[in-house]
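To start, the structure itself, in structure tokens.
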Amino acid sequence: MAWFKRQSAELEAPGEKKVKTEGLWVKCDNCRQIIWKKDLDENMNICPKCDKHFRIDARTRLAQLLDDNQYEVDDVNIASTDPLKFVDLKPYAARLKAAKAETGLKDAVLNARGKLNGRPVIVSSMEYSFIGGSMGAVVGEAIARAIERAADTKTPIIIVSASGGARMMEGVISLMQLAKISAALARLDDVKVPYISVLTDPTTGGVTASYAMLGDLNIGEPGALIGFAGPRVIEQTIRQKLPQGFQRSEFLLEHGMLDAVVHRKDLKNYISRALDFMADPVRATA
Ligand SMILES: [Zn+2]
């Protein structure tokens, strides 16, 4: 027999319970420290304790690269037609709808025109949270158009990749984008307009296999996963253990696959100096 019985289910502390702490703190999955979200935001989304570069969305990237967060957005009216009427766990059309609602974007890339340290540039910034930043017809077309705009206006282009690769739900149409974008880049090369590729965590599959590795300068962010197939698939295929740090920026730099690994805080100035050099090598090095 109980001595007493609690009448109401829970004790209430008036006023205090309304405070919500959710989303104020973030756990760094590298150093496992708890970081105040505001500290992380103010530090360009880099862990203040261990320097891990967190993934950032397309708009945050544009804000970090372009002067005063001022830019014009292009190619926002291209939309996927779901040509294969693809259904896996749920219909592709439903996935697209959910991704649009979540990110406020039409697809996994945002094309912008703005200035970088005073110099006009075109930036295509990929959005990883839109179906894993995958490249279907829309991403391919948007990036091809950005490159063509760069060629026509002789404006340097920067493509910031964050992608799981080609978009499975559009099958061969996704794969066609690799060739289309590569052809546009060849034309850009003919007219001698610089293209800087920034590879962020993660850049894999068909994106690595096409434009991400075709920059005049290929720059990786520290610790970014960059590769074609995933490490597990490679290990199973070659039946060998992969070396430590395989497919990370630093490893790729060491093995000649990247030109530089640049800290996010230095990225804008690094690109600026590189463009200065490409525009006028004599003056830039004088
Ligand atoms: Zn950390």
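Structure notes:
- Unique residue being closer than 22 Å to K85 by Cα, surrounded by fewer than 20 Cβ atoms within 10 Å (Cβ to Cβ) and under 15 Å from the mean Cα position of the chain (by Cα) when the list is G140, G132: G132
- Residue within segment 57-76 that is basic (K, R) and either under 21 Å from V262 (Cα atoms) or out of contact with any helix residue (DSSP H, G or I) (no Cβ under 9 Å at 6 or more places or on another chain) (or both) present: yes
- Residue check, I181 open to solvent by less than 50 Å² (accessible area, probe 1.4 Å), closer than 18 Å to A58 by Cβ, modelled with pLDDT of 95 or more and assigned to a helix (DSSP H, G or I): yes
- Restricting segment 44-53 to residues that are open to solvent by less than 30 Å² (accessible area, probe 1.4 Å) and over 26 Å from R113 (Cβ atoms), the residue that is nearest to the ligand (Cβ to nearest atom) is C47.
- Figure legend. Inter-residue proximity from segment 123-141: first residues touching a residue at least 24 places away in the same chain (Cβ under 8 Å), second residues among the acidic types (D, E) and surrounded by 24 or more Cβ atoms within 10 Å (Cβ to Cβ), beta-carbon distance below 7 Å, spacing 6+ or different chains. Indicated pairs: F130/D107; G133/E127; G136/E170; A137/E170; V138/D107; V139/D107.
- Count - residues of segment 214-239 that are of a type in the set (A, V, I, L, M, F, W, C) and more than 14 Å from the chain's Cα centre (by Cα): 7
- Residue within segment 243-266 that is outside any loop (DSSP other than H, G, I, E, B), out of contact with any Ser or Thr (no Cβ under 8 Å at 6 or more places or on another chain), open to solvent by 60 Å² or more (accessible area, probe 1.4 Å) and among the polar types (S, T, N, Q) present: no
- Residue within segment 149-157 that is open to solvent by less than 10 Å² (accessible area, probe 1.4 Å), in a helix (DSSP H, G or I) and among the hydroxyl-bearing types (S, T, Y) present: no
- Just so you know, in segment 199-213 the residues that are of a type in the set (A, V, I, L, M) and open to solvent by less than 10 Å² (accessible area, probe 1.4 Å) include one that is nearest to the chain's Cα centre (by Cα), and it is L199.
- Criterion: within 16 Å of the ligand (Cβ to nearest atom) and open to solvent by 40 Å² or more (accessible area, probe 1.4 Å) - qualifying residue of D41, D57: D41
- Residues of segment 60-93 satisfying the condition of being part of a helix (DSSP H, G or I), surrounded by fewer than 16 Cβ atoms within 10 Å (Cβ to Cβ) and in contact with a Lys or Arg (Cβ under 7 Å, 6 or more places away or on another chain): D67
- Whichever residue in segment 24-36 is open to solvent by 70 Å² or more (accessible area, probe 1.4 Å) and within 20 Å of the chain's Cα centre (by Cα) and, among such residues, is nearest to the ligand (Cβ to nearest atom): N30
- Selection status of L96, assigned to a loop (DSSP other than H, G, I, E, B) and either open to solvent by 60 Å² or more (accessible area, probe 1.4 Å) or touching a residue at least 24 places away in the same chain (Cβ under 8 Å) (or both): no
- When restricted to residues that are open to solvent by less than 80 Å² (accessible area, probe 1.4 Å) and either closer than 21 Å to Y128 by Cα or in a loop (DSSP other than H, G, I, E, B) (or both), segment 217-242 contains 14.
The values are calculated or read from the model by the stated rules, or taken from the named source; none is laboratory data. Given the structure is predicted, the values throughout are model-derived calculations rather than measurements. Every residue, glycine as well, gets a Cβ built from its backbone with ideal geometry; the counts of neighbours run over all protein chains shown. With ligands, DNA and RNA removed, areas are computed over all heavy atoms of the protein, side chains included. Shrake-Rupley method; radii C 1.70, N 1.55, O 1.52, S 1.80 Å.
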